[in-house]
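Everything below concerns the one structure shown next.
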Amino acid sequence: MAADVGLIGLAVMGQNLVLNLADHGYSVAVYNRTTSTTESFVATTTADQDVRATTTLAEFVDSVERPRRVILLVKAGPAVDAVIEDLVGLLDAGDIVIDGGNSLYTDTERRVEGLADHGIRFIGSGVSGGEEGARHGPSIMPGGSEEAWPHVRDMLQAIAAKAGPADDEPCCDWIGPGGSGHYVKMIHNGIEYGDMQVLAEAYLVLTAMGLSPAAQAEIFAEWNQGRLQSYLVEITSGILAATEDGSALIDVILDAAGQKGTGKWTVISAMELGQPMMLVTEAVGARMLSSFVDTRARASALLQGPSTALDPALTPSDVADAVYAAKITSYAQGFMLLADASNSREWDLDLASIAAMWRAGCIIRAAFLDDIAHAYRDAPLLENLLFDHFFTDAINGAAVGLRKTVVAAAAAGVPVPAYASALTFYDGFRTARGSANLIQAQRDYFGAHTYERIDKPRGEWFHTDWAGTGGTARSGSYSA
Ligand code: 6PG
């Protein structure tokens, strides 16, 4: 009998997803470019896990039941196109290909369209949760050819993480057309960068307070019991508690952060849409700055900071507020971007459902995603997350500690770009009349770019001959 599903790509995520499928009763045909990997992996499966090795793509395709469901877990980029190219001639119209890697959403859009020409239905699906998630239940974000959804829904929802009061709500639902599944995963990753930076700054500030990694591990463990409960806070506690030869392991890890690009893609998309994804932008920048290890070492000998120590009045509870307020700000920005992408690409994203899908399985899973899901369930067209009464109260409360932390850190020369950015956004957002009037005047002065006036209706544009030397020509008005 043919296998229920096929999976190509037996790296860490692929292997664990196969085992997850097998544990849920699905027979899985597997293929990997290097046959020895396939063989050694299948040899580790147990008798009740129906996992079948294949050695050629043709054999693989032949061994999957029709319409075929083929999951790809190969490295994002050209490797995905190469596998698709090899598969196209072997698959039949009506077959379904699911790309579960971290593909760029515009590549997914192209693949959905390209494969539709061959009658093949393509799903670009974000899969989050790392190795453990893939094995025991990831968050799955599928989008693309919607006709394929009924054929894969039960399977994907079976292997997905479960959330909700009875732990029975799958963290997997249809996201939308085109590249929307991978877009939502990209935003997840951007937010993940932000969350990680926010926690790294807490570590830096707590260290400046004189707290050892072990003491911080306890603080993070305590935070994990309340409003900051999240996977990343939990693992940070574990990381800070880890020792090697009796000393904290964190102390010997080089502070140069890697990145594979999804955070950067998020920022690029935010820029393209004109959305202020400011905290994630700082998080990506902080990773980049961290990579200049040798230059920073030279700069540390040359450039002076304040001699002031961190304000002793600053407490871990203020830092907890900073983490919470920064997170709320970052998610507010992330959901602004999602809403804009949804409108401009006509994806009709269900923001409540996306927040619900991130409650379990994925890297950013957190208690607080329940609150976000509630906010968008109560008001699907909510203009901004900060306008939901729960979040208005939450940020009004936590902004006090955020401000205290930013002030103390700045005075002591401790870099907290994510907190500073969150505070700047918060203050900018709640400022009804800011300073962009001056920007507009400057633009009009040097380039006749025109400006609107508060004493005239919006959309009426004015130009002033500021220096008395200009002509009457005006530059066209447009917004990027
Ligand atoms: C996930 C993660 C994962 C990501 C890693 C590393 O949701 O499981 O987001 O997809 O690849 O977290 O990402 P960086 O190397 O860019 O930090």
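The values are calculated or read from the model by the stated rules, or taken from the named source; none is laboratory data. All figures in this text were calculated on a predicted structure; none of them were measured in a lab. Using ideal geometry, Cβ is built from the backbone for each residue, glycine included, and neighbour counts are taken over all protein chains shown. These area figures cover heavy atoms from the full protein model, side chains too; ligands, DNA and RNA do not enter into them. Shrake-Rupley method; radii C 1.70, N 1.55, O 1.52, S 1.80 Å.
Quick notes on this structure:
- Antiparallel DSSP beta bridges within the range 74-184, percent to nearest 5: 55 percent
- Mean Cβ count within 10 Å, highest first, over the residues of peptides 214-220, 82-88: 214-220, 82-88
- According to the Cα-based calculation, Rg over Rh for the range 411-450 is 1.21, with Rh computed by the Kirkwood formula.
- Rolling a 1.4 Å probe across the protein heavy atoms gives the range 274-340 an accessible surface of 45 Å² per residue.
- For peptides 331-339, 319-327, sequence by mean Cβ density within 10 Å, most packed first: 319-327, 331-339
- Based on C-alpha pairs under 8 angstrom that are at least 6 apart in sequence, the range 1-133 has a relative contact order of 24 percent.
- Length-normalised contact order of the chain in % [C-alpha pairs under 8 Å, at least 6 apart]: 12 percent
- The label-point distance for Thr55 and Asn437, in a model that sets each label 7 Å from Cα toward Cβ, rounds to 7.8 nm.
- DSSP beta bridges in the chain [antiparallel fraction, %, rounded to 5]: 35 percent
- Evaluated at q = 0.14, 0.15, 0.20, 0.23 Å⁻¹, a Debye calculation over the C-alpha positions of the range 357-480 (equal weights, vacuum) places log10 I(q)/I(0) at -0.88, -0.92, -1.11, -1.26.
- Across the range 211-337, the relative contact order, built from alpha-carbon pairs under 8 Å that are at least six residues apart, equals 25 percent.
- Peptides 166-172, 287-293 ordered by average Cβ neighbours within 10 Å, highest first: 166-172, 287-293
- Long-range Cα-Cα pairs in the chain (distance over 37 Å), rounded percent: 37 percent
- Distance violations [Cα-Cα > 26 Å] among Lys75/Lys185; Lys75/Lys327; Lys162/Lys327: Lys75/Lys327
- Partners for Lys404 among aspartates and glutamates (Cα-Cα distance below 19 Å; same-chain residues under 8 apart left out): Glu201, Asp311, Asp318, Asp321, Asp393, Asp427
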